[in-house]
Number of protein chains: 4
Amino acid sequence: MFTQVIEPRFSETDALGHINNTVFAVWFEACRTPVFRIFTPDLNVTQWPLIIAKVTLEFHAQTQYGENVEILTQISRLGGSSFDVYQEAWQNGIKCVSGTAVMVQFDYQSQTTKALSPDIRAALQQHAI
Amino acid sequence: MFTQVIEPRFSETDALGHINNTVFAVWFEACRTPVFRIFTPDLNVTQWPLIIAKVTLEFHAQTQYGENVEILTQISRLGGSSFDVYQEAWQNGIKCVSGTAVMVQFDYQSQTTKALSPDIRAALQQHAI
Amino acid sequence: MFTQVIEPRFSETDALGHINNTVFAVWFEACRTPVFRIFTPDLNVTQWPLIIAKVTLEFHAQTQYGENVEILTQISRLGGSSFDVYQEAWQNGIKCVSGTAVMVQFDYQSQTTKALSPDIRAALQQHAI
Amino acid sequence: MFTQVIEPRFSETDALGHINNTVFAVWFEACRTPVFRIFTPDLNVTQWPLIIAKVTLEFHAQTQYGENVEILTQISRLGGSSFDVYQEAWQNGIKCVSGTAVMVQFDYQSQTTKALSPDIRAALQQHAI
């Protein structure tokens, strides 16, 4: 499990006074960075090996400005060329948002999916739920 | 069905050269505005009657900068106090992204859900799939 | 002068109930698209000829959610390889924000500035203040 | 001087492969949080005492994804009711972006400016250039 702390930004609030729901798509992508590093250790964007197939976000409680948020990131499914990243956002002991991103290893040049290698699988497995 | 046209912004691209996946959460929320107007015709943020319970986004094709995107918005489920908004993003005849937002009528003061009135149901029904 | 209309997005509000100040950097860049098209008619991001050297934003009045905003875009200076884009955001007859972006024609491959051609100068001149 | 570290987010890159210029408006606002806390220690958004009058951003070098950015925040001017916050973004020993935000103490209820108290002035002075 990867654990990261995010300090909400003022621009991430909305007129209802809380963190806008769309921000969690951004935070969760940001907190998949250690997963990206398993595929591209230097995060070289010219050799990016992943696409996103699906994102689900479930909102359990309002997230406040002014308090840190802890993001937990785990691998919840390992397929042939795809895998799921399950994430939770916690604030003050409350699980505010959870979500899953379906990622696919992808060769942008040939525009085809690519099977996960044994090394990659093993690295992802270390962060499985 | 509501139909809206969005001109992608340069800041909405990412290093892979396409529109970043998180942007669709923003575009789809923006294109739910006519649905919000059914509840709050003047979009008065101090009397906001909706919360979002869940968002799903499915990515079918890459979305390019430099070409307009058409967003289609329909009601795909009508419950007691909640309903689903189904949306699609099309570019150059290709369905790039689809998604569903689960919305709940909510009284922020009492922090409780509120049943959809017959008038609201009828208005939403006009945009049902 | 280029004139464009923007419908504020809910996610662009902040906890003070108005459009967040950082959003104007985004809107103004989006509304420089017709200027970008003078340099790159098809907005091909792999042959991008501009960099931004400086941005100034002045905030005159709060911008509300729920009302359209008109963005006016003009060329306020033409230099050898650089030029200024002056922009204003109006809502309900009130000038809410104004700003200037200093743009430089730039060759990303050689990483050097490039003089504006007579054709480009003439095209920009048509939108001069 | 306040010093903060930001890990660039993938969604903050643009099609040119670097961090989009508009993101610095967001990062710099986020890094003014310790300044906001001088006015509102608990960051209570219902009692917000500041408005922003002007923002200037100067771009000196491209900022990369994959490397942390250090943001330095200092007070560069102290007026009667207003003050300037000067900020720099550094990456790998290079000053990539600098900027100044003109902030004004403001009473949202009476919609008037409000003089900086001696205590506030002293607290800001501790972070003066």
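The values are calculated or read from the model by the stated rules, or taken from the named source; none is laboratory data. Model, not experiment: these values are computed from the prediction. Because the Cβ atoms are built from the backbone with ideal geometry, glycine has one as well, and the counts that use them run over all protein chains shown. Ligands, DNA and RNA are stripped out before the accessible areas are found, and what is left, the full protein with its side chains, is counted by its heavy atoms. Shrake-Rupley method; radii C 1.70, N 1.55, O 1.52, S 1.80 Å.
Before we move on, is D:Phe10 at negative phi and more than 9 Å from chain A (Cβ to nearest Cβ)? Walk me through it before giving the result.
Details: at negative phi: yes; more than 9 Å from chain A (Cβ to nearest Cβ): no.
No, not satisfied.
Out of everything in segment A:108-122 that is within 20 Å of the chain's Cα centre (by Cα) and part of a helix (DSSP H, G or I), what residue ends up being surrounded by the fewest Cβ atoms within 10 Å (Cβ to Cβ)?
A:Ala122
Report, by residue number, each residue of segment D:85-101 that is open to solvent by 20 Å² or more (accessible area, probe 1.4 Å) and within 15 Å of D:Phe36 (Cβ to Cβ).
Of everything in segment D:85-101, nothing turns out to be open to solvent by 20 Å² or more (accessible area, probe 1.4 Å) and within 15 Å of D:Phe36 (Cβ to Cβ).
Is it the case that segment A:73-83 has a residue that's crowded, with 18+ Cβ neighbours inside 10 Å and within 30 Å of B:Gln111 (Cα to Cα)?
yes
Identify all residues within segment D:22-49 that are over 19 Å from A:Trp27 (Cα atoms), open to solvent by 10 Å² or more (accessible area, probe 1.4 Å) and more than 10 Å from chain A (Cβ to nearest Cβ); write none if there are none.
Of everything in segment D:22-49, those that are over 19 Å from A:Trp27 (Cα atoms), open to solvent by 10 Å² or more (accessible area, probe 1.4 Å) and more than 10 Å from chain A (Cβ to nearest Cβ) turn out to be D:Pro34, D:Ile38, D:Phe39, D:Gln47, D:Pro49.
Pick from segment D:50-69 the residues that are more than 10 Å from chain A (Cβ to nearest Cβ) and surrounded by fewer than 16 Cβ atoms within 10 Å (Cβ to Cβ): which of them is nearest to A:Gln64 (Cα to Cα)?
D:Asn68
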